[in-house]
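These notes are about the structure you will find just below.
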Amino acid sequence: MEYLRAFLVGGAICALSQVLIDRTRLTPARILSSYVIIGLVLTALGLYQPLVDFGGAGATVPLFGFGYSMAKGVEAAVAQYGWTGAFTGGIAATAGGVAAAVGLSLVMSFFFQSRDPS
Amino acid sequence: MKLSRQEYQKLYEKASPPSPSYKNVLMAFVVGGLLCVLGQGFRTLYQKAGLSEQGVAAAVAISMVAVGVVLTALGIYDKIAKRAGAGTLVPITGFANSVASPALEFKTEGMVLGTCVRMFTIAGPVLVLGISASVLYGLILVALGG
Amino acid sequence: MSTVEFKNPVYVRSWAVCAGKKEGEGPLGDRFDVVCPDGRCGEKSWEKAEMKMVTTAWKTALQKAGMSPGDVGCALGGDLLNQCVSTSFGFRDSHIPFLGLYGACSTMAEGLLLGSSLVAGGIQDHVLCTASSHFCSAERQYRYPLAYGGQRPPTAQWTATACGAVVLSSGKSGIRVTRAKIGSIYDPGVTDASNMGAAMAQSAYETLSAYFRETGDAPADYDLIVTGDLASVGKQLVVDLFDADGVDMRPVYDDCGLMLFHSGQDVHAGASGCGCSAAVLGGYLLPALDKKLFRRVLFCGTGALLSPLTTSQGESIPGICHLVCLEAEA
């Protein structure tokens, strides 16, 4: 059941994004960065948590989830460390994914090269 | 015939085929949904392994990123993305793809000046704006709490 | 009046095309002199591969003409990469006097036009013209890394991987360059870099209609009129613009961007790049003129004069179109 909910929530977010891309011709970089900010703002307003409770990975795997993690991280860090937490919380909460992307990409670049798609 | 820019725009918009929306949206839904199901699978796995709530979130992100980077390196991710569009762009695997693809592409300019310098050409704005927004939110919390 | 009539005869002595794998699988595939089995051509980078294709193309063209590099008065060539490196590196060991050109995708026509002027003006006896593009090197310079998962809109075009080379000469042969027209730049205000056909169509229309006005010719006086790489959107626009003038282009008009690939080759609106019109010229137009299947052909190279920088600064895309008239010698 939780898999079905993840499928539906995640699928719906991606489908909506596709409509946005086809209608507006926004570049991917603009869409992705606005998603992170939107996810963060929605979480701050308490609107995103219900979606995470319902959809699980369906809400955290799309890039809204990146903003969600940042917001949660900042909230916890500010509560624990005060003003320094405002600076450390966001990055700390998302460090896993970013570090994995950087490290693995570097390693992969040693062994693979881009391919001719034709 | 002389056309104004507005008249020309009307003419070329008529000649330009629109994106095949229904097909695109359906593909985005299915592929994006399946990637989230995979994420849910990792989540269940790590929860059963007894990781903390934060630990599970980090482990899921790391696993999904690994999937994205490996599929990119094998030249599979862009082939799926051609059909799936937002279905592969919006999940965190798309973030991994946007970091891994320049890393592979620009290795011809060397590890430092190619791979390392160019790694964030696409993903950079996500981090810059995301981090800045999180700091701002943190400072607002401090101001409200203090 | 900017249409040039070459009173002293200029002839096409030989030509050659070196193309990529996908182009080799297209409708003109078996007419190319060399088809690279993969995009890297055994080299370490896409740029090196393109340089190798340039070298292969001009060497093959000279070989077919029975000439050595020392016989060539000068070479004119260009490509899409920054500072035109594919072409200049493709010629760096040749010791042929060299001039680099930049006309975006109109480069083949620009080269023919300048080369013919040099020959007709009695300045050179033999001029070598080249134009090249490579899908992968263009993609990483203008758009995204190849492994990046992006989706192309249906108006996007596929940069051809090909280099064409043509030897122009004052000595008689089967094909003559009779006229040329240097195009002006027109910017109809298109800002979408995925819709370059729309950005270039106006310049093609302006060059062609001015040519008809200045020469008194009509489309029906030609067996075929081709534009360089307007693809499906741009081709439709040229037809529409001429329709508004009461001129029907349909019976004689086609676009190289729609001639290089089969419709099932997933290139969206069609092909583009300097190599597109160069490959169609060398793989189809010149052979047909040589066999007298065509009597007169208008070859119109179209170029979108943009760079990634101007696109990110929000500039619209200026287009240009140079025209060359090729005739089978009786």
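The values are calculated or read from the model by the stated rules, or taken from the named source; none is laboratory data. These numbers were taken from a predicted model, which means no experiment stands behind them. Glycine also receives a Cβ, built like all others from the backbone with ideal geometry; neighbour counts cover every protein chain displayed. Accessible surface areas use protein heavy atoms only, side chains included; no ligands, DNA or RNA. Shrake-Rupley method; radii C 1.70, N 1.55, O 1.52, S 1.80 Å.
For region B:5-145, take N as its residue count and report Rg(C-alpha) divided by 2.2 N^0.38 Å.
So the Cα radius of gyration is 1.36 times the expected 2.2 N^0.38 Å.
What dipole magnitude, in Debye to the nearest 20, does region C:34-108 give about its Cα centre under +1 on Lys/Arg Cβ and -1 on Asp/Glu Cβ?
100
Once the other residues with Cβ under 10 Å from the Cβ of A:Ser109 are scored (Lys, Arg +1; Asp, Glu -1), what is the net sum?
So the environment of A:Ser109 carries a net charge of 0.
Provide Rg over Rh for region C:175-328; use the alpha carbon set for both Rg and the Kirkwood Rh (inverse mean inverse pair distance).
Reported Rg/Rh, Kirkwood definition of Rh: 0.96.
Could you derive backbone 3J(HN,Hα) for region B:110-121 from the dihedral phi with the Karplus parameters 6.51, -1.76 and 1.60 (θ = phi - 60°), listing whole Hz in sequence and x where the residue is Gly or Pro?
x, 5, 6, 6, x, 4, 5, 5, 8, 4, 10, 4
Using just the helices of chain B, give the 222 nm mean residue ellipticity in deg cm²/dmol: DSSP H runs with n ≥ 4 each add -39,500 (n - 2.57), and the total is spread over all residues, rounded to 500.
It lands at -24500 deg cm²/dmol.
Might you report the magnitude of the Cβ-based charge dipole of region C:3-169 about its Cα centre, with Lys and Arg at +1 and Asp and Glu at -1, to the nearest 20 debye?
260
For chain C, what is the calculated [θ] at 222 nm in deg cm²/dmol (nearest 500), taking -39500 (n - 2.57) for each run of four or more DSSP H residues and dividing by its residue count?
-9500 deg cm²/dmol
May I ask for the distance between the Cα centers of region A:1-69 and region B:56-121, given as a whole number of Å?
Cα centroid to Cα centroid, the span is 19 Å.
With both bridge residues required to lie in region C:201-330, what share of the DSSP beta bridges run antiparallel, to the nearest 5%?
55
For C:Thr191 paired with C:Ser2, estimate the spin-label separation in nm (one decimal), with each label point 7 Å from Cα along the Cα-to-Cβ line.
If labels sit at C:Thr191 and C:Ser2, their model points lie 2.7 nm apart.
Based on the mean of other Cβ atoms within 10 Å per residue, sort peptides C:49-59, C:314-324 so the most packed one is first.
Result, highest mean first: C:49-59, C:314-324.
What FRET efficiency, computed as 1/(1 + (r/R0)^6) with R0 = 51 Å and r the Cβ-Cβ distance, is obtained for C:Gln63 and B:Lys79, rounded to the nearest 0.05?
0.85
Which parts of region A:28-53 would a label at A:Ala79 reach, counting a residue when its backbone N lies under 17 Å from a point 7 Å out along Cα-to-Cβ?
Under 17 Å, as judged by backbone N against the label point of A:Ala79, lie A:43-50, A:53 of region A:28-53.
Name the lysines eligible as straight-distance cross-link partners of C:Lys292: C-alpha to C-alpha under 17 Å, and not fewer than 8 places from it in the same chain.
Cross-link targets: C:Lys172.
Around C:Val233, under 15 Å between beta carbons, what's the net of Lys plus Arg minus Asp minus Glu among the other residues?
After counting each charged neighbour, the total is -1.
How big is region C:3-169 in terms of Cα radius of gyration and Dmax, in angstroms?
16.1, 53
Which three extents, in angstrom, do the Cα atoms of region C:63-161 have along their principal axes, listed largest first?
51, 26, 25
Which entries in the list A:Lys72/B:Lys48; B:Lys14/C:Lys181; C:Lys21/C:Lys59 go over 25 Å, if you measure between the two C-alpha atoms of each?
From the list (A:Lys72/B:Lys48; B:Lys14/C:Lys181; C:Lys21/C:Lys59), the Cα-Cα distance tops 25 Å for B:Lys14/C:Lys181.
Mind ranking C:His268, C:His134 by accessible surface for me, highest first, 1.4 Å probe?
I get C:His268, C:His134, largest accessible area first.
Between region C:54-115 and region C:265-307, how far is it from one alpha carbon centroid to the other, in angstrom?
Result: 17 Å between the Cα centres.
Please report, largest first and rounded to whole Å, the three semi-axes of the ellipsoid equivalent to the protein assembly as shown, where each semi-axis is the square root of five times an eigenvalue of the C-alpha gyration tensor.
Each semi-axis is √(5λ); the values are 52, 25, 19 Å.
In debye, nearest 20: dipole of the protein assembly as shown around its Cα centre with unit charges on the Cβ of K, R (+) and D, E (-)?
That gives a dipole near 800 debye.
Roughly what would the spin-label model give for B:Val117 and C:Asp223, points 7 Å off Cα along C-beta, in nm?
Going by the 7 Å Cα→Cβ label model, 5.1 nm.
What do the square roots of 5 times the Cα gyration tensor eigenvalues come to for region A:2-111, in whole Å, largest first, as semi-axes of the equivalent ellipsoid?
Square roots of five times the eigenvalues give 24, 21, 15 Å.
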